[in-house]
Each structure stands twice: as C-alpha cells, then as structure tokens.
Amino acid sequence: MTIFIVATIAAFFLLAYFGAPIVWWSVAAAALLWYLSVVAAFSFTTHVVLAAAFLVVAAVLNIPLIRRKVFTDHVLALYRRILPDMSQTEREAIDAGTVWWDADLFSGRPDWDKLLAVRAPRLSPEEQAFLDGPVEELCAMCNDWQITHELQDLPPHVWQYIKDKGFLGMIIPKKYGGLEFSALAHSAVVMKLSTRSGAAAISVMVPNSLGPAELLLHYGTDAQKDHYLPRLAKGLELPCFALTNPEAGSDAASIPDYGVVCKGLWQGKETLGMRVTWDKRYITLGPVATLLGLAFRLYDPEHLIGDKEDLGITCALVPTSTPGVNIGRRHLPLNAVFQNGPNNGKDVFMPLDWIIGGREYAGKGWMMLMGCLAAGRAISLPTSSVGGVKALTRFTGAYARVRAQFKTPIGKLEGVEEALGRIAAHCYMMDATRIMTAGAVDLGEKPAVLSAIAKYHMTERARLCVNDAMDIHGGKGICLGPNNWVGRGYQMTPIAITVEGANILTRTLIIFGQGAIRAHPYVLREMRAAKEMTGAEASREFDDALTSHIGHVIRNGVRAFIYGLTHAAFASVPRGGSPELAHYYRNVSRLSTAFAFLADLSMLAMGGALKRKEKISGRLGDVLSMMYLVSATLKHYEDLRVREDLPLVRWSVRDALYHAQQAIDQILSNFPVKALATLLRWTIFPLGTPWRPPLDSRNRECAAIALEPGSARDRLTAGMYVPKGDDATGRLEAAFVAAIACEAIDEKLRKAVKKGKVVVHPGADVGLLAKDKGLISADEYAQWQKKEALRKSVIKVDDFPQDFGRSELIQQSEAKPMVKAA
C-alpha cells in the first residue's frame, strides 16, 4: 500500500508538472487501479465495479461531447448567470491593444528563448542624425530658468524651430511631409529633450502621442488625412486633444460633454451637422492650439443618421477659430509652464464631416481612443521619466563628487552613497524598460497592459529618484534659480504621476484588472464563449477553455510548490543566455508560476468582487509589473553584454524580486479566505520567503558608476543632452572633470597640512602656500585654482533682491508707455 501511495503522489506531481493531457492522466489512473487491485486482491465483483466506475469517469473526462453534456454545459449556464454584463466602453477597453510578453508572464512558463530572440531595436542613420543635429541644437537653445521663470513659455524662436524642423510630425508618414520615425526614435527624442527642458519635451511629446495625428493616421478619411497631416507635420497646425471634463477625469468614459445631430447653416448652406457643448480642462497645448481634437457623447434624437439615439463617444477635429470655441486661458501645473489650459463651447455647430473618420465613425470614439492609447502611453511619460532620471544620475553623481563635507566628497559618505546607488540602478532598469517597450511598439504591438506598467513604474521610480537627488543636494536643491538643476524636476514630478491615468487607478484597476482578462491564456476565451457565442459553438469553446484552464491551474500549483522546494533548480533558462544571469531567469520563472497560480485562485475565491478589492488587485499588478521590469533588465543586459553593468543589473533585479515577494506576502496576509491563504502560502513559499533586499556592496558598486568618469557612466546616461556651454550643468560637468583630475594635487595638499609643512590660516590660499614652498608646481597650482573656481561656482546657490525683482519689473513696465509717448 505504501508503494501505491508513493506511486500515486509521484504520478500526480509528474503529470501536473509537465501539463500532461487528460488521456495520460487516465492511463496513469488505470495503471494505478490495476496495481491496487492486484496488491489488494479485490474480488471479481469489486473489479467489475471499479472498472465500470473508471470507464464512466474516463469517458466523461476524455470524450468532449459527453464532458460537455455532463459537466461543462452546466458550468457555462452558471457562469452566464454570475458573469456581469460588460458595457460597450468596457468591452472596447478590454479589446484594445495587444498582448505580448505579458501573456508569457501570465502563463507561468515564460519563454526566455523567444524573448532573447527578439532583435534589439536600433535607430536608423537618419534618426541618429536627427538626434545629433536638430535635437542637440534644440536642447542648446533651451534655458530652463528663462522658460519656467522669466517667460513662462518657450521663446518664440524655439517654438518656430520645433515647427520648422518637423518635431511635431515624428509619427506622420513621409508622404504627408512627416519624419515617419520609429517608436524608438520618438522615444529617444523625447528622452533627450527631457534631460534639458520639461516644457520643450512635453510640447514635442504631446502632438506625437494620443491626439489628432495618431487618430487621423488610423481612422481619418482620405480627405482628412490629405488636408490635416501635411499641415500638422509642418507645424502649420498646432494640435491638442480635449478629453478630460471637470466631472470625468480618470473615468473618462463618463464624460458629460455632448453633441446633438441636427441641421444648421454652415457657410450659407443648410448642412447636416451637430451642435456640441463641452467643458474641458487640463488640455496640454490647448491655449495655443489651432486644431482641437474633441471627445464628446453624440446623440441623434431625430434619427437623422441612424436608428440609435445614443450613438456613444465621438471624436471630432475642430479648428479653434470656429465661432463659439472658447480657448486660450492657462493652468499653471507646478511651474512647469508647458501650455495647458481649459476650453469650452456651447451649442457650437459643426458639420458631421468633422468627425474623425466621417459619419461612419460617429459613436466609435472610445474604441478609437483605446486603440491608440497603448502606443502613446508606452512612449511619452515613461520616456520623459527616463530622461529625467538619466539627468539626475549624471548631475547628482557629479555634484556628489564635487561637493565635499568632512574633508570627503559627499558621494563617498555611506548615507549619500546609498541614495546615489539607488538612482543609478533605477536608471538602468528604467532605460531597459523604455527600450523594450518602444521595441514592442516597433514590432507592431499595441501593448495595453505593458504600457500601463511602463507608465506607472517609470513615473513612480522617477519620483523616488528625484526625492533621493533632493536629499543629496540638500540646500542646493531647495533654492530655485538659474543654478539649480534639480528643483524644477522635483516640482514637476507629480504631473507625470497624475496624467494619462492617475497612478493610483492605473495600479489598482488597470494593470491586473485588464491583464487578468487580456493576458491570461483562458479567461477572455471563457468570457467570450459565455457572452458572445451561443449554441454548440459556445459549448465547444467554453469546454476547451475551461478544461485547459483547470489543467493550467493544477500545473502552476504543482510547479510553484516544486520550485519552492528546489529553489527553482528545474526552472527554464534561455539557451545562449549569460551564465551569470541564470539564477535570475530561474527566479522569474518561479515567480511567474506562483503569480499565475495565485491569480487564478484569487479570481476563483473572490470572483467579481476582486475588481472592488483594489488593494489586492494592485498588489497582483505589482507582481506582474516586477516581472516585466526584470525581464526588460535581463534582455537589455543580454543585448549589450557589458560586464561593467552587472552591479546595476544585480541590484535592480534583486530589488524588484524582493518587492514582488512583499506584494505576494501582503496578498496572502489579507486574503479573504484564510484556509485558502494558508494553502497558497505553503504552496508558494514552502521553505519560507526566498528573496532578500539588495546587498550594500552592490549598492556601493552602483554608486561608484555614477561617481566615476568612464564608459559605464556614459553608457548609463547615454542619449541625454550633455551641456557644453557655460550654464549651470555645463559648469557642473567641468567641475566634475576638474575634481577628478586634481585628486592627486588635493592629496598632496592634505598631506602637507597634516604634516605641518603648510600652516593654514583662516582665509589663506592653501594652494598658493604650497606652491611657494615648492610642494606643488605652478602648473599644478593653476590646475587647482581652476578646479576651486569651478567647485565654488557649483556649490553656490542663487539669491535675489528682497522683493525678487518686482520693483525692477514695475519700473520697466512703467517706462514702456513713456517710450511709446516719446
């Protein structure tokens, strides 16, 4: 009997681990029953009864027609009763975009060979030339203090340069006069601009993200494309897109703005059109836009264009010169000064031809928006966040090397080193995620879930990094002025957190909520069989999806337990992958299996209530997100294969695994079904929690990369604008280089003072005293003097007149009428 029990357990684990089909389970069960009957010496009657029972169960399990009649059709009927109906907007949101690597992570068996086989995206020579030329020049033209404090806008010549060089038409095809850049190039341009000027980056980013050009490319009529796209590409039209209403922010599908189909006079003729009323806010580029993309709900009470009265959300293109359009006032989002403001209109008549795609697309606006959202969200805010963190890494590392306290560069103090190491490691992971996500878009994907992950985690990591940078800069960081390179970024950080879906709702509602349906291998199939199919078609589809789903759950549960017992020793690693990363691949495979099992049992235990349990849903999303960020980091290292970067990989991967583990632990601690929570904990963590935070030694290695000039630092901050002029960051770079070059001289001076060879009095020039005594040469003294001048310039903070110059401005404004009168 012991052998039978052991054999049964072994068969269960082997069949489940390898995901064997039902027929193999049946064969194994038959063999075990035969062995049991021989060992136990059952009577003939018992044999017959057992054989009959086995054949009945085997027939039900293995013959689809019988299985459907006996089991799955009844489950389908129950499922239809408990599954809530989906609104049209919910269905369009779920159907939007595509799934890519997120499907592998949800499967419990990520195919690392498939991921590494994806070629690393590369810029074309034309794209690289644009970055090295016009983008570099635009960065040099931008003075962030002048833009944010003095002008509160980009200077006119900068606006004109942006238009003339085609920055507003990066996504527009060449046949319409655009640049037709790849997603990677689009990302690289926005990233570089973000390292110099937030206002310039946003002004370029928005027309190339979700807006009129993107919508026209996918849904516009030929006439609309031929008219607007060349004008948008050349900067003759400045676009914006108006979606957010005071009553509908993150819940954009509930916008109360409306239009009514009617007849009216247009250019002297009676025209079938619509009267639209709207009240929008937070519209980027709105105050200066000439072309307004407008979202509203369209009604047709007189059935002039169809049988439906409520046609649904509709998108139209409205010239801002149209009578009744009120536009031009501005918001001031945390001193960022990019053009942003409200607009409104009441009963503004416009032809139906202004609907993007024509009247055939009336009511299809939400589908259009959801279909285009993923690509824009994958690039704009994640990329600008990466640019900001690259600048923080380079400039904070330089400042920490130039600034000294306690006779030591502050970067060498462990407290500062800890924060600086975090910034550098986050920078590496963020850039890896940017490249992998933009690469997916260039492959033709519209990664709805992955773009939400990128948006949320890049902006959140930017917030962590800018907080660390502010701590390192101290008083230098909190005093605004032309010599402060971190303060405006600190102020602007919440903007990226808030827009394109507030981060709180992105984390708790979208990442797992949408991922559980779209990326899961079977859930969407089950839902569609229940709600969109009927009869035999629904029965067959649901049966196949449900039985596969049950096998999926069993396989992942067994694998999670075995991986937990063996520290993922049997988990897959990619062929040809770096040996030093093998254990990370195994750990992510283990995490993927545990996540897939936990997600399925969470949906089973909580059903539709899981949507309302946002804390648990958010933590499940955290686990999925951490796996994606780690995957991107490993892929990035494999594409470059530079061992100098290993400390950054090790710190960031270990940190992400630890945070995923914390999320699972918190899910299990708050799981509503306590017995199931205990089973899950024993399955996922049979030997306890395996992952620990990154080591201090790894953190030190990461900080050293930001503190030392060389290829590792340049590679980490590649693609950013490195200033060459005499502005604050240009002097910082020069001071950093000078500080490194003068280290040997500084060491001579310290030793001379310590040994009493040079007696330093308050206000004395220690370098001059050492030169006079022959301890350093005249050339060394000149070099040291230059370094000291740069150092003092860098640590200096800005100050202003007592009234911050208001009296001077008043005098200037009063003088202008006198000049005119003269």
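Per-structure values
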item	result
Residue among Arg692, Arg715 that is at pLDDT 95 or above, open to solvent by 50 Å² or more (accessible area, probe 1.4 Å) and not in a helix (DSSP H, G or I)	Arg692
Hey, Phe349 in a strand (DSSP E or B) and either in contact (Cβ under 8 Å) with a residue 40 or more places away in the chain or farther than 25 Å from Ala289 by Cβ (or both) or not	yes
Scope region 674-689; condition part of a loop (DSSP other than H, G, I, E, B) and either touching a Ser or Thr at 6+ places or on another chain (Cβ under 6 Å) or open to solvent by 60 Å² or more (accessible area, probe 1.4 Å) (or both); matching residues	Leu687
Search result, residues across region 695-712 that are part of a helix (DSSP H, G or I) and open to solvent by 70 Å² or more (accessible area, probe 1.4 Å)	Asp696, Arg700, Glu701
Flag if Ala295 is touching a strand residue (DSSP E or B) at 6+ places or on another chain (Cβ under 8 Å), under 19 Å from Phe338 (Cβ atoms) and either modelled with pLDDT of 95 or more or not β-branched (Val, Ile, Thr) (or both)	no
Count of residues meeting criterion [open to solvent by less than 40 Å² (accessible area, probe 1.4 Å) and outside any loop (DSSP other than H, G, I, E, B)] in region 718-739	9
Matching residues in region 159-170 - criterion: being out of contact with any Leu (no Cβ under 7 Å at 6 or more places or on another chain) and open to solvent by less than 60 Å² (accessible area, probe 1.4 Å)	Trp159, Lys163, Phe167
Matching residues, region 243-267, being polar (S, T, N, Q) and open to solvent by less than 50 Å² (accessible area, probe 1.4 Å)	Thr244, Asn245
Condition broken by His549, with the remaining ones in (1) outside any helix (DSSP H, G or I); (2) buried (at least 16 other Cβ atoms within 10 Å of the Cβ) satisfied	(1)
Total residues in region 767-798, condition aromatic (Phe, Trp, Tyr) and without any contact (Cβ under 8 Å) to a residue 24 or more places away in the chain	1
Residue tally, condition of a type in the set (A, V, I, L, M, F, W, C), assigned to a helix (DSSP H, G or I) and in contact (Cβ under 8 Å) with a residue 24 or more places away in the chain, over region 110-130	4
Residues of region 90-131 satisfying the condition of being open to solvent by less than 40 Å² (accessible area, probe 1.4 Å) and farther than 21 Å from Asp431 by Cα	Glu92, Ala93, Ile94, Ala96, Gly97, Ala103, Asp104, Phe106, Ser107, Gly108, Pro110
Enumeration of residues in region 143-166 that are under 18 Å from Leu285 (Cβ atoms), in contact with a helix residue (DSSP H, G or I) (Cβ under 8 Å, 6 or more places away or on another chain) and in contact (Cβ under 8 Å) with a residue 60 or more places away in the chain	Ile147, Thr148, Asp153, Ile162, Gly166
Residue match in region 612-626 (condition: outside any loop (DSSP other than H, G, I, E, B), within 29 Å of Ala16 (Cβ to Cβ), among the acidic types (Asp, Glu) and open to solvent by 10 Å² or more (accessible area, probe 1.4 Å))	yes
Residue that is most open to solvent (accessible area, probe 1.4 Å), among those in region 57-73 that are closer than 18 Å to Gly535 by Cβ and out of contact with any helix residue (DSSP H, G or I) (no Cβ under 7 Å at 6 or more places or on another chain)	Lys69
Unmet criterion (only one of (1) within 23 Å of Cys427 (Cα to Cα); (2) touching a Leu at 6+ places or on another chain (Cβ under 8 Å)) for His636	(2)
Those strands (runs of 3 or more DSSP E) lying entirely in region 261-321 with at least 3 residues farther than 16 Å from Tyr361 by Cα and of a type in the set (A, V, I, L, M, F, W, C)	269-284
Residue that is farthest from the chain's Cα centre (by Cα) [pool: residues in region 74-86 that are open to solvent by 40 Å² or more (accessible area, probe 1.4 Å) and touching a residue at least 40 places away in the same chain (Cβ under 8 Å)]	Val75
Filter result for Glu270 (at pLDDT below 95, more than 28 Å from the chain's Cα centre (by Cα), open to solvent by 50 Å² or more (accessible area, probe 1.4 Å) and farther than 16 Å from Lys346 by Cα)	yes
Whichever residue in region 632-663 is within 23 Å of Gly710 (Cβ to Cβ), among the basic types (Lys, Arg) and assigned to a helix (DSSP H, G or I) and, among such residues, is least open to solvent (accessible area, probe 1.4 Å)	Arg650
Long-range neighbours under 8 Å by Cβ, at least six apart or interchain, first residue under 8 Å from Gly108 (Cβ atoms) and among the aromatic types (Phe, Trp, Tyr) within region 586-601, second outside any helix (DSSP H, G or I) and open to solvent by less than 10 Å² (accessible area, probe 1.4 Å)	Phe595/Gly108; Phe597/Gly108
Residue within region 500-508 that is in contact with a Phe, Trp or Tyr (Cβ under 8 Å, 6 or more places away or on another chain) and among the hydroxyl-bearing types (Ser, Thr, Tyr) present	yes
Criterion: of a type in the set (Gly, Ala, Ser) and touching a Pro at 6+ places or on another chain (Cβ under 8 Å) - qualifying residue of Ala213, Ala223	Ala213
Residue among Ser380, Ser384 that alone is assigned to a helix (DSSP H, G or I), open to solvent by less than 10 Å² (accessible area, probe 1.4 Å) and either of a type in the set (Ser, Thr, Tyr) or at pLDDT 95 or above (or both)	Ser380
Spans of helices (runs of 4 or more DSSP H) in region 449-520 with at least 2 residues within 18 Å of Ser385 (Cα to Cα) and open to solvent by 30 Å² or more (accessible area, probe 1.4 Å)	487-498
One residue from Met533, Met603 being open to solvent by 30 Å² or more (accessible area, probe 1.4 Å), assigned to a loop (DSSP other than H, G, I, E, B) and at negative phi	Met533
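Let's see how each residue does on (1) within 28 Å of Asp727 (Cα to Cα); (2) among the polar types (S, T, N, Q); (3) open to solvent by less than 50 Å² (accessible area, probe 1.4 Å); (4) assigned to a helix (DSSP H, G or I):
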{"site": "Gly756", "(1), (2), (3), (4)": "no, no, yes, no"}
{"site": "Leu769", "(1), (2), (3), (4)": "no, no, no, yes"}
{"site": "Leu775", "(1), (2), (3), (4)": "no, no, no, no"}
{"site": "Glu780", "(1), (2), (3), (4)": "yes, no, yes, yes"}
{"site": "Val794", "(1), (2), (3), (4)": "yes, no, yes, yes"}
{"site": "Phe800", "(1), (2), (3), (4)": "yes, no, no, no"}
{"site": "Asp803", "(1), (2), (3), (4)": "yes, no, yes, no"}
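The values are calculated or read from the model by the stated rules, or taken from the named source; none is laboratory data. A quick note: this is a predicted structure, and the numbers were derived from the prediction, not measured. Positions of Cβ are backbone-derived with ideal geometry, glycine not excepted, and every protein chain shown enters the neighbour counts. Only protein heavy atoms, including side chains, enter the accessible area calculation; ligands, DNA and RNA are left aside. Shrake-Rupley method; radii C 1.70, N 1.55, O 1.52, S 1.80 Å.
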